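Chemist: Below is one structure. I have some questions about it.
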Amino acid sequence: MAVYTLSFVAYAVDVARRSAAKPAPAAERELVGAGAPVPPAELVASAPLPGRGARIGFTLIVIAWALHVGGAVLRGLSAGRVPWANMYEFALTGVAVIVGVFVLSRAWRDLNFLGVFISGLATVFLGVATVNFYVAPTPLPPALQSYWLVIHVFVATLATGLFALGSGLSILQLIKERRDNGFLRSLPSTVALEDLAYRVGVIGFIFWTFTLIAGAIWAEHAWGRYWGWDTKEVWTFVIWVIYAGYIHARATRGWRGSRSAWLQLVGFAAVLFNFTVVNLFFKGLHAYSGL
């Protein structure tokens, strides 16, 4: 958490530096490359590129992630099983997956502009999990003593990590639509942010679909039925419906811009509700919070 916090500070300093920068004169923004004119709609934002603060922030978040993964592995070794059998362990592993998706995304696309969001989210989520959800390693309940615990829950954490990344992109899209100055000028266009959020959301939806199917198969092995309208089962399906609606509305109904972003955020809010409120305040066969 301390290293994540330092990463957040470094990213925040970089954001502040770029927010305070003045835009380049219009004449300097009309030519690129060998002097070819650029249509106004395609002019690249003129805020300075990420500087030392962003580079330090990324280095620190990689170090924090390595320590984080090490902590999750040691928790698993201490418990003698995979480290995601209760709320604390799921939060520990889930946040590691969220940060891991961000770090490894550098091989696909430079998303360093999300650094302040990811490092801040990791710090807050780990703090809440450690203070409110921590429990000592305990043996697994009989229903969890299955290889499906490895498959079903890990794929769910992958989907959650992708949904978190997509929500961060959607938040930036909504902010940039309303105000496009300072740091925001250095971000990709709102269309590019929306497209990235959509692609990430589609991949997360595929993983969540597998989570829903695998959960039903595991339920049949553990309890003798594929579906029992347990609260956790219902909310897993609700999340699937929201993201299915998001993908369908954007692909076939032309929902673009802020409506698409808000629907993405509603989906991630449902994910957080499922992890917190459903686990803590609803009784059912999935009550494995460990508290």
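The values are calculated or read from the model by the stated rules, or taken from the named source; none is laboratory data. Just so it is clear, the structure is predicted and the values come from calculations on it, not from any experiment. Methodologically, a virtual Cβ is constructed for each residue, glycine included, from the backbone with ideal geometry; neighbour enumeration extends over all protein chains shown. Protein only, heavy atoms only, side chains kept; ligands, DNA and RNA dropped before computing areas. Shrake-Rupley method; radii C 1.70, N 1.55, O 1.52, S 1.80 Å.
Chemist: May I ask you to say which residue of ALA156, ALA136 is open to solvent by less than 20 Å² (accessible area, probe 1.4 Å) and either polar (S, T, N, Q) or under 21 Å from LEU280 (Cβ atoms) (or both)?
Modeler: Checking each option against the conditions leaves just ALA156.
Chemist: Any residue in segment 67-89 that is under 19 Å from PHE268 (Cβ atoms) and either among the aromatic types (Phe, Trp, Tyr) or touching a residue at least 60 places away in the same chain (Cβ under 8 Å) (or both)?
Modeler: Yes: segment 67-89 contains one or more residues that are under 19 Å from PHE268 (Cβ atoms) and either among the aromatic types (Phe, Trp, Tyr) or touching a residue at least 60 places away in the same chain (Cβ under 8 Å) (or both).
Chemist: Shifting gears a bit: Out of segment 145-179, which residues are assigned to a helix (DSSP H, G or I) and charged (D, E, K, R)?
Modeler: Once the filter is applied, which keeps residues that are assigned to a helix (DSSP H, G or I) and charged (D, E, K, R), segment 145-179 yields LYS176, GLU177, ARG178.
Chemist: For VAL62, work out the one condition from (1) of a type in the set (A, V, I, L, M, F, W, C); (2) surrounded by 13 or more Cβ atoms within 10 Å (Cβ to Cβ); (3) modelled with pLDDT under 95 it doesn't fulfil.
Modeler: Unmet for VAL62, out of (1) of a type in the set (A, V, I, L, M, F, W, C); (2) surrounded by 13 or more Cβ atoms within 10 Å (Cβ to Cβ); (3) modelled with pLDDT under 95: (3).
Chemist: Need pairs with beta-carbon distance below 7 Å; first residue of a type outside the set (Ser, Thr, Tyr) and within segment 107-120, second in a loop (DSSP other than H, G, I, E, B); sequence gap 6+ or separate chains.
Modeler: ASN112/PRO50; PHE113/LEU187
Chemist: Which of the residues spanning segment 251-264 are out of contact with any Gly (no Cβ under 9 Å at 6 or more places or on another chain) and in contact (Cβ under 8 Å) with a residue 40 or more places away in the chain?
Modeler: Result: ARG256, GLY257, SER258, SER260, ALA261, TRP262.
Chemist: If you scan segment 195-224, which residues turn out to be under 25 Å from the mean Cα position of the chain (by Cα) and in contact (Cβ under 8 Å) with a residue 60 or more places away in the chain?
Modeler: LEU196, ALA197, TYR198, GLY201, ALA214, GLY215
Chemist: Oh, and also: Suppose we keep only residues that are outside any helix (DSSP H, G or I) and under 19 Å from GLN173 (Cβ atoms) within segment 236-282. Which one would you say is modelled with the lowest pLDDT?
Modeler: ARG253
Chemist: Here is a follow-up. Of the residues that sit in segment 211-235 and are part of a loop (DSSP other than H, G, I, E, B) and of a type outside the set (Ser, Thr, Tyr), which one is most open to solvent (accessible area, probe 1.4 Å)?
Modeler: TRP229
Chemist: So if I check each of GLY94, GLY127, which one is within 19 Å of LEU280 (Cβ to Cβ), exposed (fewer than 15 other Cβ atoms within 10 Å of the Cβ) and small (Gly, Ala, Ser)?
Modeler: When all the criteria are applied, what remains is GLY127.
Chemist: Surrounded by 13 or more Cβ atoms within 10 Å (Cβ to Cβ), in contact (Cβ under 8 Å) with a residue 12 or more places away in the chain and farther than 30 Å from VAL9 by Cβ: is that true of ALA164 in this structure?
Modeler: Criteria not met by ALA164.
Chemist: Taking segment 251-274, which residues are of a type in the set (Phe, Trp, Tyr) and open to solvent by less than 40 Å² (accessible area, probe 1.4 Å)?
Modeler: Once the filter is applied, which keeps residues that are of a type in the set (Phe, Trp, Tyr) and open to solvent by less than 40 Å² (accessible area, probe 1.4 Å), segment 251-274 yields only PHE268.
Chemist: Just one of GLU30, GLU42, GLU89 is surrounded by 12 or more Cβ atoms within 10 Å (Cβ to Cβ), modelled with pLDDT under 95, over 27 Å from ALA164 (Cα atoms) and of a type outside the set (Ser, Thr, Tyr); which is it?
Modeler: Of the residues listed, the single one that is surrounded by 12 or more Cβ atoms within 10 Å (Cβ to Cβ), modelled with pLDDT under 95, over 27 Å from ALA164 (Cα atoms) and of a type outside the set (Ser, Thr, Tyr) is GLU30.
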